[in-house]
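See structure below.
The values are calculated or read from the model by the stated rules, or taken from the named source; none is laboratory data. Since the model is a prediction, treat every value here as computed from it, not as a measurement. Every residue, glycine among them, receives a Cβ derived from its backbone with ideal geometry; neighbour counts consider all protein chains shown.
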Amino acid sequence: MSTATIPNQAAETMKKPSLQPLRLAPRMSRLGGEAAFETLARARALEAKGRTIVHLEIGEPDFETPAHVCEAAIGAIRDGYTHYSPSAGLAELRAAVAQEITRSHGVAVDPSEVVIVPGGKPSVFYAIMALAAAGDEVIYPNPGYPAYESVAGFSGATPVPIQLREEMDFRFDVNELADKITDRTRLIILNSPHNPTGGVLTQQDINDIATAIGDRNIMILSDEIYGKLIFDGTHVSPFNHPALHDRTIFMDAFSKAYAMTGWRLGYAVMRPDLAKHFSRLVTNTVSCSTSFSQIAGVQALMGDQSQVETMRSQFQRRRDYFIDALNQIPGFSCRLPKGAFYAFPNITATGYTDKELAEKLLDQAGVACLPGTAFGEYGAGHLRFSIANSMENLELAVERIQGFVKK
Ligand code: PLP
């Protein structure tokens with residue numbers, strides 16, 4: 001068809017009546033957005049006007065997905081993995097996940113306990129939707145990953161923040177957690193290593209959490225998406241605590257550790273009766289995770305792991321540089337994150353609020369980062385920088401922030 005015919009056709013299209021008022025369901029007012037994607041859009045708009053921006057706003061590895069994983073997906077497409085899979089996932093990936101978690105967490109996992117989902121976020125959504133409703137309470141870390149509070153509110157439950165304390169290297173005080181637990185508490189969300197602070201739980205924390213919960217019928221959602229990205233010490237989890245194992249929904253995804261954010265692939269492990277309900281949520285929302293991504297996932301878990309370690313050590317090198325450099329900027333003070341790939345400096349001494357400084361750094365210095373309050377009220381006075389970026393870009397960001405602060 002020649003392009004000349006298109007305007008004529010458009011001229012003949014139906015005249016639309018004016019829009020009626022949009023009547024959203026009340027629950028939509030309780031669903032939040034995500035600042036990282038909003039800031040990315042603003043940064044891209046500035047770039048379209050010719051500005052150069054250092055992108056430290058989005059939490060995604062700057063590495064490529066390992067080549068052997070890509071090859072597995074290409075082979076899978078050729079082999080016909082282009083149709084639906086069972087909602088709970090392909091048997092080969094569920095088996096690979098069971099084997100991997102048995103190895104990494106030292107607790108026997110059966111494939112019937114594994115549900116494959118498209119990424120990390122779906123597990124947050126499904127866990128809350130399956131377990132919490134109006135009248136229930138969901139305890140979540142604050143500052144914390146925004147979906148926890150947003151989805152808990154969306155479900156009709158009351159989100160109850162537990163404050164992460166900077167002076168405790170961004171862990172929470174388990175005594176405070178014990179005070180927040182009520183008869184209405186249905187779910188406690190844990191995230192270690194933690195976004196946005198890089199804080200990690202200790203084994204003592206896990207033991208104390210078990211004591212605080214006692215024999216109450218409360219579930220834990222353990223978001224371990226940064227579990228392979230630890231810099232100091234070892235990764236600990238409630239999943240292999242004898243008193244917490246059955247009450248824990250373990251979740252992980254391929255996004256961060258394997259640089260597979262766009263593949264939309266993750267998994268959750270839980271008691272088999274709950275896994276059936278989780279799968280029903282998959283059936284009703286996305287039917288299944290992408291079949292050829294799942295074959296790539298088998299390769300990611302079972303194949304060569306050297307790239308995971310390469311990325312981890314690169315992130316550690318960048319962390320060491322960036323935190324040291326931030327601490328030399330007047331008004332900035334930053335704890336050393338023990339895992340994940342974020343820096344969360346306290347910037348109260350600059351005299352700006354976190355929102356003001358994040359906006360000024362983007363507009364005036366060309367550095368995109370996020371205000372701490374994008375992660376909840378207790379993030380006030382902090383900024384979040386993703387250090388999943390090249391050394392050159394991190395150095396450029398430091399130079400630009402220093403230049404801005406000196407002005
Ligand atoms: N949980 C945490 C703590 C995260 O930081 C993220 C992503 O940034 C997710 C879950 C969601 O992961 P995905 O992008 O795979 O949905």
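The table below gives the values:
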read-out: Failed condition for Cys288, given (1) crowded, with 20+ Cβ neighbours inside 10 Å; (2) in contact with a Phe, Trp or Tyr (Cβ under 9 Å, 6 or more places away or on another chain); (3) within 15 Å of Phe254 (Cβ to Cβ); value: (3)
read-out: Selected residue [touching a residue at least 40 places away in the same chain (Cβ under 8 Å), farther than 18 Å from Leu31 by Cα, away from the ligand (no atom under 12 Å from the Cβ) and acidic (Asp, Glu)] from Glu100, Glu167; value: Glu100
read-out: Condition check for Pro66: surrounded by 14 or more Cβ atoms within 10 Å (Cβ to Cβ) and touching a helix residue (DSSP H, G or I) at 6+ places or on another chain (Cβ under 7 Å); value: yes
read-out: Unmet requirement for Leu396, which otherwise passes all of (1) surrounded by 15 or more Cβ atoms within 10 Å (Cβ to Cβ); (2) out of contact with any strand residue (DSSP E or B) (no Cβ under 6 Å at 6 or more places or on another chain); (3) at pLDDT 95 or above; value: (2)
read-out: Qualifying residue in segment 119-126 (condition: more than 15 Å from the ligand (Cβ to nearest atom), touching a residue at least 12 places away in the same chain (Cβ under 8 Å) and of a type in the set (Phe, Trp, Tyr)); value: no
read-out: Conditions (1) in contact (Cβ under 8 Å) with a residue 40 or more places away in the chain; (2) away from the ligand (no atom under 15 Å from the Cβ); (3) at positive phi; number of the one not met by Ala72; value: (3)
read-out: From the options Ala45, Ala72, residue that is of a type in the set (A, V, I, L, M) and surrounded by fewer than 17 Cβ atoms within 10 Å (Cβ to Cβ); value: Ala45
read-out: Of all residues in segment 197-224 being in contact with a Phe, Trp or Tyr (Cβ under 9 Å, 6 or more places away or on another chain) and among the β-branched types (Val, Ile, Thr), the one that is farthest from the ligand (Cβ to nearest atom); value: Ile220
read-out: Ile323, sole failed condition from (1) β-branched (Val, Ile, Thr); (2) in a helix (DSSP H, G or I); (3) in contact (Cβ under 8 Å) with a residue 24 or more places away in the chain; value: (3)
read-out: Flag for Val114 being surrounded by 19 or more Cβ atoms within 10 Å (Cβ to Cβ) and in contact with a Lys or Arg (Cβ under 9 Å, 6 or more places away or on another chain); value: yes
read-out: Residue match in segment 135-150 (condition: of a type in the set (Phe, Trp, Tyr), more than 16 Å from the ligand (Cβ to nearest atom), touching a residue at least 24 places away in the same chain (Cβ under 8 Å) and out of contact with any Cys (no Cβ under 7 Å at 6 or more places or on another chain)); value: no
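One line per residue, one yes/no per condition, for (1) out of contact with any Pro (no Cβ under 9 Å at 6 or more places or on another chain); (2) within 16 Å of the ligand (Cβ to nearest atom); (3) over 14 Å from Phe125 (Cα atoms); (4) of a type outside the set (S, T, N, Q):
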residue: Asp252; (1), (2), (3), (4): yes, yes, no, yes
residue: Tyr258; (1), (2), (3), (4): no, yes, yes, yes
residue: Met270; (1), (2), (3), (4): yes, no, yes, yes
residue: Asp273; (1), (2), (3), (4): yes, no, yes, yes
residue: Ala300; (1), (2), (3), (4): no, yes, yes, yes
residue: Gly303; (1), (2), (3), (4): no, no, yes, yes
residue: Leu326; (1), (2), (3), (4): no, no, yes, yes
